[in-house]
Amino acid sequence: MKRIVIFASGSGSNAENIIGFFQTKTTATVTHVLTNNERAKVLKRCERLKISGLSFDKNDFVKTDKVLDFLKKEADYIVLAGFLWRVPSKIVAAFPNKIINIHPALLPKYGGKGMYGMHVHKAIKENKEEETGITIHYVNENYDEGAVIFQAKTKIITEDSADDIAKKVHKLEYKYFPEIIEKVILEANE
Ligand code: GAR
């Protein structure tokens, strides 16, 4: 049974969905949720779901090895589910092909610093894109640049608001993210 540690910065609806998915599986289990925001709604979800939810700051993450040491002890896989900080290279190096992120667009379009959450959906609406989607990818030192594992698309109609686009994208995230994480773990076969 592999141990997944989820990183989330905000609401955590994907985190909750992944936690639920793995509760019925023998492949892996979510052991902790870590957040850089001590007021994030994801911590309330953790309380309700009786999952360990812990917060950390930049010092713990970047300057000292507090988060790195915690992960070395506690994690086989790291899943970024709405996590907004760049992962420091020491953590990337310690977990090669073991850190998985989801991005709410079809990378390489609409990626990079500042492109997260509703910013992405608003940009897609402004540019009158006819489709969007999700990208699940390995994490490297640069925002949204690691190797792509999986993409899924959804159509946009002219009447769709940025909120409607967000809903369509979330639907894809809930459907595919847990099963793709499981597939990565099964295919690694360790
Ligand atoms: C998700 O749509 C995720 O793809 C996005 O943040 C949202 C978090 O929602 N991530 C990024 O934009 C990363 N660049 P949630 O907190 O309800 O899971």
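The values are calculated or read from the model by the stated rules, or taken from the named source; none is laboratory data. In this text the structure is predicted, and so the values were computed from the model without any measurement. We place every Cβ from the backbone using ideal geometry, glycine too, and count neighbours over all the protein chains shown. We work out accessible area using only protein heavy atoms, side chains counted, and drop any ligands, DNA or RNA first. Shrake-Rupley method; radii C 1.70, N 1.55, O 1.52, S 1.80 Å.
Any idea of the accessible area per residue across region 43-104, 1.4 Å probe, to the nearest Å²?
51
Electrostatic bookkeeping for R39 treats Lys and Arg as +1 and Asp and Glu as -1; over the other residues with beta carbon under 14 Å from its beta carbon, the sum is 0. Rolling a 1.4 Å probe across all protein chains gives R86 an accessible area of roughly 120 Å². Using a probe of 1.4 angstrom, how much of the accessible area of the chain is carbon and sulfur, in percent? Of all accessible area on the chain, carbon and sulfur atoms account for 50 percent. Site pair A93 and A162 shows an inter-label distance of 3.9 nm when each label is modelled 7 Å from Cα along Cα→Cβ. For region 26-82, the extents of the C-alpha atoms along the principal axes are 32, 29, 18 Å, listed from largest to smallest.
Can you give me the angle between helix 162-188 and the longest principal axis of the chain, using Cα atoms only, in degrees from 0 to 90, rounded to the nearest 10? Relative to the chain, helix 162-188 is tipped by roughly 40 degrees. If a spin label sat at a point 7 angstrom from the Cα of K63 along the line to its beta carbon, no backbone N atom of region 137-156 would be nearer than 16 Å. For region 1-102, the Cβ-based charge dipole about the Cα centre amounts to some 80 debye (Lys, Arg positive; Asp, Glu negative; other atoms uncharged). Given R0 = 30 Å, the distance between the Cβ atoms of K128 and S11 translates into a calculated FRET efficiency of 0.65.
I need the calculated FRET efficiency for the pair K25 and A147, taking r as the beta carbon distance and R₀ as 25 Å, to the nearest 0.05.
Working from the Cβ atoms, E equals 0.55.
Taking amide H as placed 1.01 Å from N in the peptide plane, the amide H of H32 sits under 5 Å from that of I6, each at least 5 places away or on another chain. Put a plus charge on the Cβ of each Lys and Arg, a minus charge on the Cβ of each Asp and Glu, and nothing anywhere else: the dipole of region 37-163 about its Cα centre is then about 380 debye. Rounded to the nearest 0.05, the FRET efficiency derived from the C-beta distance between K41 and H170 at R0 = 22 Å is 0.90. The mean sequence separation of alpha-carbon pairs under 8 Å and at least six residues apart, normalised by the residue count of region 1-156, gives a relative contact order of 20 percent. Accessible surface comparison of E187, E129, probe 1.4 Å, protein chains only, largest first: the order is E187, E129. Between the residues V5, A188, L43, the greatest Cα displacement towards the positive end of the dipole of the chain, with unit charges on the Cβ of Lys, Arg, Asp and Glu, is found for L43.
Over what distance in Å are the Cα centres of region 65-107 and region 150-182 separated? Between the Cα centre of region 65-107 and that of region 150-182, the gap is 22 Å. Solvent exposure of K90, expressed as accessible area, is near 60 Å², computed with a probe of 1.4 Å over the protein chains only.
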